[in-house]
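Here is the structure we will look at, set down as structure tokens.
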Amino acid sequence: MLLCIADVLDLSQVESLVDKLNQAKFVDGKLTAGWHARMVKHNTQLHDDGGRLKDELQQTVLTALQQNSLLQMAAHPKQIRPPLFSRYQEGMHYGTHVDNALMGKDADLIRSDISLTLFLSDPDSYTGGELVIESTQGEQAFKLPAGAMIIYPSSTLHRVEPVNQGVRLAAVTWVQSFVKDTGDREILFDLDTARHSLFEKYGKSAEFDLLSKSHANLLRKWADV
Ligand code: NI
């Protein structure tokens, strides 16, 4: 399931992040790619100086993700990796790759179930730079407003098209879900969406209670805790 979520960050949060990123040091993105992704990764990412800036920016994004109710409904996050901040200048791109299945180490090791890109640059300020996701139905390209994000299964092949003009800033991260299977997560998301909409129309009805029961019991069945 692919899902675009608007307004994860508000305009003032985006502006403040972008201001800070514009003054920060970026390094070659190959440093955090697996051996095959390294061959096609041509971007830069925020320097890990162990300093407070990176921690502060990561915390801003993580807090927004944890508070986002659509992300909670669609992803059921068990763990979210600290985000990377990537910067593509003219000519930079990230060729077709699949994300590593396991990320981090020791106690912080996660299985990547869901990949997440939070767009930070105004889409009118750069050309190219679409995130393209492949599926059996073909390819889909995404270039979202600043502050919006897309989540998609980490099992997909995907790429970032070359930026031809301007600068593309984004935060990217990965989620391990309590519900491993993407099809199961979609069923839960549909049921949850339906019961919310039913509640808005008719309040707490017998149908709402049954949908809530099914949703809770499927989650109980599928969650690995
Ligand atoms: Ni990727």
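Nothing in this text is a laboratory measurement; each read-out follows from the coordinates by a stated rule. Since we're looking at a predicted model, the values are computed, not measured. Cβ placement follows ideal geometry from the backbone for every residue including glycine, while neighbour counts extend to all protein chains displayed.
The table below lists the values:
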item: Dipole in debye (nearest 20) - the stretch 182-222, about Cα centre, beta carbon charges: Lys, Arg +1; Asp, Glu -1; result: 160 debye
item: Cα-Cα over 19 Å, subset of K20/K54; K20/K143; K78/K213; K180/K221; result: K20/K143; K78/K213
item: Linear extension gain, S155 paired with D122, 0.36 nm per residue minus alpha-carbon span; result: 9.1 nm
item: Estimated FRET transfer efficiency when R0 is 25 angstrom, pair L31-Q79 (beta carbons, to 0.05); result: 0.65
item: Computed magnitude of the charge dipole of the chain (debye, nearest 20; Cβ of K, R +1, Cβ of D, E -1); result: 500 debye
item: For peptides 13-26, 96-109, sequence by mean Cβ density within 10 Å, most packed first; result: 13-26, 96-109
item: For the stretch 182-222, with +1 on Lys and Arg beta carbons and -1 on Asp and Glu, the positive-most of G183, Y202, N217 along the dipole; result: N217
item: Histogram of C-alpha separations across the chain, 5 Å bin width, %; result: 1, 6, 13, 18, 19, 17, 11, 7, 4, 3, 1, 0
item: Helix-derived mean residue ellipticity, 222 nm - over the chain, DSSP H n ≥ 4, -39500 (n - 2.57), to 500; result: -10500 deg cm²/dmol
item: Folded to 0 to 90 degrees: helix 11-22 orientation relative to the chain principal axis, Cα; result: 30 degrees
item: Extended-chain gain in nm, criterion 0.36 nm per residue less alpha-carbon gap, E134 and K221; result: 28.3 nm
item: For the stretch 59-75, 3J(HN,Hα) per residue [Karplus equation, 6.51 cos²θ - 1.76 cosθ + 1.60, θ = phi - 60°, Hz, x = Gly/Pro]; result: 5, 4, 5, 4, 4, 4, 5, 5, 8, 7, 6, 5, 5, 4, 5, 8, 10
item: GNM top mover of D181, D49, D192 - the chain, alpha-carbon springs below 10 Å; result: D49
item: Among S115, S177, S125, residue whose mean-square fluctuation peaks in a GNM of the chain (springs only between Cα atoms under 10 Å); result: S125
item: Tensor-based shape of the stretch 182-222 (alpha-carbon gyration tensor, a/c under 1.5 rounded, otherwise prolate or oblate); result: oblate
item: Calculated FRET value between L62 and H196, using beta carbons and R₀ = 25 Å, to 0.05; result: 0.50
